[in-house]
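Taking it in order: structure first as structure tokens, then the write-up.
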Amino acid sequence: MKILTDLQACQSLPHRTRGIGRYALSLAAGMHDARAHDLRIALNAAIPDTIEQVRAALPGDARFLAWKGLRGIQADHPANAGRRHAAEVIRQAAFAAERADIQHISSYFEGFSDDVVVDIPARRSTPVAVTLYDLIPLLHQDVYLSDPALRRWYLDRVDSLRRADLLLAISECTRRDAIQLLGLPPERVVNISAAADPMFRPEYPSIEDEAALRRRYGLGRRFLFYTGGIDHRKNIGRLVEAFAKVDRQTRCDVQLAITCSVDGAAASGIVAQAAAAGLAPGDVVLTGYVSNRDLVGLYNACEGVVFPSWYEGFGLPVLEAMACGAAVIASNNSSLPEVVGRGDALFDPFRVDAIAESITRLLADEGFRRSLREHALVQAHTFSWAATAGRALSAMEETVQRVRADTTSITRPSPKPTLAFVSPLPPARSGIADYSSELLPALAAHYRIVLVADQAEVAEKPDWPSFETRDLQWFDLHAREFDRIVFQLGNSAFHAHMPAMIERFGGVVVLHDFFLSGVVSHLQWASKVPGYWHDTLYRSHGYPALAA
């Protein structure tokens, strides 16, 4: 079986140095080491500064496909929509030329703020598998999707993710979420789990080396360790409060070390919260980003690791800490019980008192701490990249067989391509509505058409085939599913919604009027789009026209 793995997760700005990038790289290496199949790694040559790093991290005989995407296609800028769609087409063509038995996308929620581009075409000949880390923004939309642009993009991604033939969930928790939230059949979602990189292991450094490590990060006492992100669900605020609630005698010689990339404002906020909770300067240490080498050293040197996140797709830092033999306590929700594997090491992350009690026991009870360390090594050894890669490969094999069976067992004609037809339609008092009503029956011979209209009612004609009619809000979420988009554009208020749609999604424009001053001025004066008429007039004709 030939597998083409899209490894842009290791090129993505948000993920290349974080858990998703590390997971994607380790899974690819594990699949390569299995040697059961022909594995090709696809990298985006439009992000050149990452390619050699990825190559160096994989075995020397790994086989690569470097395809050239486009720059300046971030999804957070609507004006990039046309270029982004072109990049998707380029990627599809490059991947199709490889004639793989299955395509594997290592991370799907990419490209909002960088030039990574991944997609699952609605019409394709090759099955697609996607590694799914979590659906946390979908579960907690009020926290993560308050920005309207990000919300539209993420929900569009979620909708198109349903087209995947296989989801490789990184935990049983994530698998359950995908089945329930996406409405997918259980056989299309497989838990492949995760593992820690072999570099995470027990170490016995010299006194001098450990002292140097501690000096680098301002750790002059015993320390409790947290590493991970800084965002809301990581629950760092409650962690600081809980540490302050621990009896002074228990924590008098202990620091709380928080390791993550944090900007000045966030760091100041944590320091201020620690002071407000009664902690002295130096009780909480913000190390900033640390290298993997030092991260292993800190896991080995700490008294214990506390991980208070209230939702994780897997919680890789927990497993990495346990692989080093660290005593770990963590939240009792989402995937973390799967990873920790011990009930008395878990706490309620929403109760500061519960976190404080767990920290107190960890610091004060030497027997408990020792048993946690012993358990950590045993539990960590139940996870391996060989096992995870084996589960992924088995799931892909079954998917290829299932898709082939589905396509060969039934003889059916090739489906017509899909067309979104954006136009005023009867009974709108518009010549273009009449034009469209005459055109649609002939066009239906070649396309499966969905009518998109900004009007309360569409009056179907007797000679029309059965057309599905949708509003603009629905189209905003589903535009990328169509093979073609056609706009019937004229110079009147009936078309005021179209310029923004054309900028965002691209398509074919049937231009019914040469002069568009009516629709453009309407957008500013009636539709209240600030400056639209003035800006367009200036861009078309310069300052003299604007002044006039």
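Can you compute log10 of I(q)/I(0) for the chain with the Debye formula, treating each Cα as one identical point scatterer, at q = 0.08, 0.11 Å⁻¹?
One equal scatterer on each Cα of the chain leads to -0.65, -1.05.
If you build the convex hull over the alpha carbons only and average its shadow over all orientations, what do you get for region 428-548? Give it in nm² to one decimal.
8.4 nm²
At a 10 angstrom cut-off on C-beta neighbours, averaged per residue, how do the peptides 199-205, 36-42 rank from highest to lowest? Don't jump to the answer; show the numbers that get you there.
Numbers: 199-205: 14.7, 36-42: 18.7.
Answer by packing, highest mean first, reads 36-42, 199-205.
Give me, ordered by chain and number, the residues 5 or more places off residue 102 or on other chains with an amide H under 5 Å from its own placed amide H.
2, 4
Taking amide H atoms as placed 1.01 Å from N in the peptide plane, list the residues 5 or more away in sequence, or in a different chain, whose amide H sits under 5 Å from that of residue 227.
Under 5 Å from the amide H of residue 227 lie the amide H atoms of 259, each far enough along the sequence or on another chain.
Kindly give the semi-axes, whole Å and largest first, of the ellipsoid equivalent to region 262-331, taking each as the square root of 5 times a Cα gyration tensor eigenvalue.
23, 15, 13
When the scattering of region 236-364 is computed by the Debye formula from its Cα atoms alone, each counted once and equally, what is log10 I(q)/I(0) at q = 0.17 Å⁻¹?
Those come out to -0.92, one per q.
Mind pulling the per residue volume of the convex hull built on the Cα atoms of region 339-420? Å³ is fine.
Residue-normalised Cα hull volume stands at 194 Å³.
Roughly how far apart, in whole Å, are the Cα centres of region 131-181 and region 68-107?
20 Å
So how strong a dipole does region 25-144 carry about its Cα centre when Lys and Arg Cβ are +1 and Asp and Glu Cβ are -1, to the nearest 20 debye?
Computed about the Cα centre, the dipole is about 500 debye.
Return the lysines within reach of residue 68: Cα separation strictly under 25 angstrom, same-chain partners fewer than 8 residues apart disregarded; answer none if there are no such residues.
By straight Cα distance, residue 68 reaches 2.
Using only the Cα atoms of region 156-220, what semi-axes does the equivalent ellipsoid have when each is the square root of 5 times a gyration tensor eigenvalue? Give whole Å, largest first.
Each semi-axis is the square root of five times an eigenvalue, giving 44, 14, 9 Å.
Using θ = phi - 60° and the Karplus curve 6.51 cos²θ - 1.76 cosθ + 1.60, what whole-Hz ³J(HN,Hα) does each residue of region 200-214 get, with Gly and Pro shown as x?
7, 7, x, 9, 10, x, 5, 4, 5, 5, 5, 5, 5, 4, 5
Across region 84-231, what fraction of all alpha-carbon pairs, as a whole percent, falls in each successive 10 Å bin from zero upward?
Result, from short to long distances: 9, 29, 27, 17, 13, 5, 0 percent.
Can you list the equivalent-ellipsoid semi-axes of region 1-64, largest first and in whole Å, using the square root of 5 times each Cα gyration tensor eigenvalue?
Equivalent ellipsoid semi-axes, largest first: 19, 12, 10 Å.
Would you kindly give the portion of the calculated P(r) for region 188-305 that falls above 16 Å, as a percent of all Cα pairs?
Value for region 188-305: 63 percent of Cα pairs lie more than 16 Å apart.
With 19 Å as the cut-off, how large is the P(r) tail for region 227-284, expressed as percent of Cα-Cα pairs?
Beyond 19 Å sits 23 percent of the P(r) for region 227-284.
Cα convex hull of region 1-118: how many Å³ per residue?
That works out to 85 Å³ per residue.
Order of 270-280, 57-67, 442-452, 25-35 by packing, highest average Cβ count within 10 Å first?
25-35, 442-452, 270-280, 57-67
What are the ³J(HN,Hα) values, in whole Hz, obtained from phi via the Karplus relation 6.51 cos²θ - 1.76 cosθ + 1.60 with θ = phi - 60°, for each residue of region 346-360 in sequence order, with x given for Gly and Pro?
Values per residue, Gly and Pro as x: 10, 9, 7, x, 8, 10, 4, 4, 5, 5, 4, 5, 5, 5, 4 Hz.
Given N residues in region 431-482, what is its alpha carbon radius of gyration divided by 2.2 N^0.38 Å?
Values: Rg = 11.4 Å, N = 52, 2.2 N^0.38 = 9.9 Å.
That ratio works out to 1.16.
Roughly how much of residue 538 is accessible, in Å² to the nearest 10, using a 1.4 Å probe?
100 Å²
Scan around residue 347 for amide H atoms under 5 Å from its own, H built in the peptide plane at 1.01 Å from N, and keep only partners 5 or more places away or cross-chain.
Long-range HN contacts for residue 347: 330, 331, 332.
From Cα coordinates alone, what are the radius of gyration and Dmax values for region 492-548 in angstrom?
11.8, 34
In the full protein assembly as shown, how much of residue 421 is accessible to a 1.4 Å probe, in Å² to the nearest 10?
Surface open to solvent at residue 421 totals about 0 Å².
Among 162-168, 13-19, how do they line up from the highest to the lowest mean number of other beta-carbon atoms within 10 Å?
Working: 162-168: 21.1, 13-19: 18.3.
Result, highest mean Cβ count within 10 Å first: 162-168, 13-19.
List, in order, the whole-Hz ³J(HN,Hα) value for each residue of region 151-163 obtained from phi through the Karplus relation with A = 6.51, B = -1.76, C = 1.60 and θ = phi - 60°; use x for Gly and Pro.
My calculation for region 151-163 gives 4, 4, 5, 5, 5, 5, 4, 4, 5, 6, 4, 4, 7 Hz in order.
The values are calculated or read from the model by the stated rules, or taken from the named source; none is laboratory data. Since this is a predicted model, take the numbers as computed values, not measurements. Neighbour counts run over all protein chains shown; Cβ positions are idealised from the backbone, glycine included. Only protein heavy atoms, including side chains, enter the accessible area calculation; ligands, DNA and RNA are left aside. Shrake-Rupley method; radii C 1.70, N 1.55, O 1.52, S 1.80 Å.
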